[in-house]
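To keep things clear, I will list the structure first and then write my remarks on it.
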Amino acid sequence: MLETDRLLLRPLRLADVDDFVALHSDDRVNRFVGSYTRDQALARLGTVEQQWEQRGHGLFAVLDRTTGEFVGRVGPQFWDQFGEVEIAWTLRAERWGQGLATEAARACVDWAFEHLDEHCLVAYIHPENAASHRVAQRLGFTVLRADVLFDKPVVVYALNRPAPRA
C-alpha cells in the first residue's frame, strides 16, 4: 500500500471489477483508454493480479484517503510487445483537474524506481489527451517516440532513473 497526502494506493484486484467497469464506462474516460465489459474487465484484472504475482508490480487501485472511494487506477505495468514498464493513470472524470493523477503517478514513479530494476519508465498517451500529456511533463517525462498500442496511436514518453545522490 502506498499513501500520499490525499490518496491510498493498493494493488488492483478482481474484486474491483465493478469499480473498474464503471471507471471505463464514462465516455470522457474511455475516449482515450477504451471501455470494458464485465468479462473483459475480469480478464484484464486477472492479468493485473498475475503481474503482481510474477513481476512484483502491477496497477494500483486509487482510493480517496478520507472516504475510501475508488477514484481510478494507476501504476507500473509491463508490456511484453515493447519490453517496457509503463506508468499508467486513469481517474474518474469527476476527479479530474485536482492534481490527483500527478499525485498518484508520482508516488508510483518513486515506488517503481525504488523497487524495480528499471533504468527507464514510459507512459503511452493518446495524441489528443492533453491532460495526460501535462501530467507526464509535470512528472519529468519527455517524448521518446510515436508508436501504436491496441491499434491506436500513442505518444511514448520516457523518464530515466534519477542518478544516485552523492
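Read-outs throughout are calculated quantities, based only on the coordinates presented, and are distinct from any laboratory measurement. None of the values given here were measured: they were computed from a predicted structure. Here the Cβ is made from the backbone with ideal geometry for all residues, glycine too, and neighbour counts use every protein chain on show.
Per residue of segment 43-54, what does 6.51 cos²θ - 1.76 cosθ + 1.60 with θ = phi - 60° give for ³J(HN,Hα)? Whole Hz please, x for Gly and Pro, Karplus curve as stated.
Working through the residues one at a time gives 5, 5, 5, x, 5, 4, 4, 4, 4, 4, 5, 8 Hz.
About the Cα centre of segment 1-54, how large is the charge dipole given +1 on each Lys and Arg Cβ and -1 on each Asp and Glu Cβ? Please answer in debye to the nearest 20.
Computed charge dipole of segment 1-54: roughly 140 debye.
In whole Hz and in residue order, list the ³J(HN,Hα) couplings for segment 132-147 that follow from phi through the Karplus curve 6.51 cos²θ - 1.76 cosθ + 1.60, θ = phi - 60°; x for Gly and Pro.
Whole-Hz 3J(HN,Hα) from phi for segment 132-147: 5, 4, 5, 4, 4, 5, 4, 7, x, 5, 10, 5, 9, 6, 9, 8.
Per 10 Å bin from zero, what fraction in whole % of the C-alpha pairs of the chain is there, up to the bin with the longest pair?
10, 41, 40, 8, 1
Considering only PRO153, HIS133, ASN30, whose Cα is most displaced toward the positive end of the charge dipole of the chain, charges sitting on Cβ of Lys, Arg (+1) and Asp, Glu (-1)?
The residue sitting most towards the positive pole is HIS133.
Are there GluC sites (Glu not before Pro) in segment 103-133 that DSSP puts in a loop and that have at most 12 other Cβ atoms within 10 Å, and which ones?
GLU128
With the dipole of segment 1-112 worked out from charges on the C-beta (+1 for Lys and Arg, -1 for Asp and Glu) around the Cα centre, which of VAL17, GLY58, GLY99 lies farthest toward the positive end?
The residue sitting farthest along the positive end of the dipole is GLY99.
Among VAL62, VAL74, VAL48, which one moves the most in a GNM of the chain with springs linking Cα atoms closer than 10 Å?
VAL48
Please give the FRET efficiency for LEU2 paired with PHE82, using the beta carbon to beta carbon distance and R0 = 30 Å, rounded to the nearest 0.05.
Step by step, r from the Cβ atoms, then E = 0.75.
I'd like the antiparallel share, as a percent to the nearest 5, of DSSP beta bridges with both residues in the chain.
Counting only bridges with both partners in the chain, antiparallel ones make up about 95 percent.
Using a 10 angstrom cutoff on alpha carbons, build the Gaussian network for the chain and name the most mobile of ARG38, ARG92, ARG106.
Comparing ARG38, ARG92, ARG106 in a Gaussian network model of the chain, the most mobile one is ARG38.
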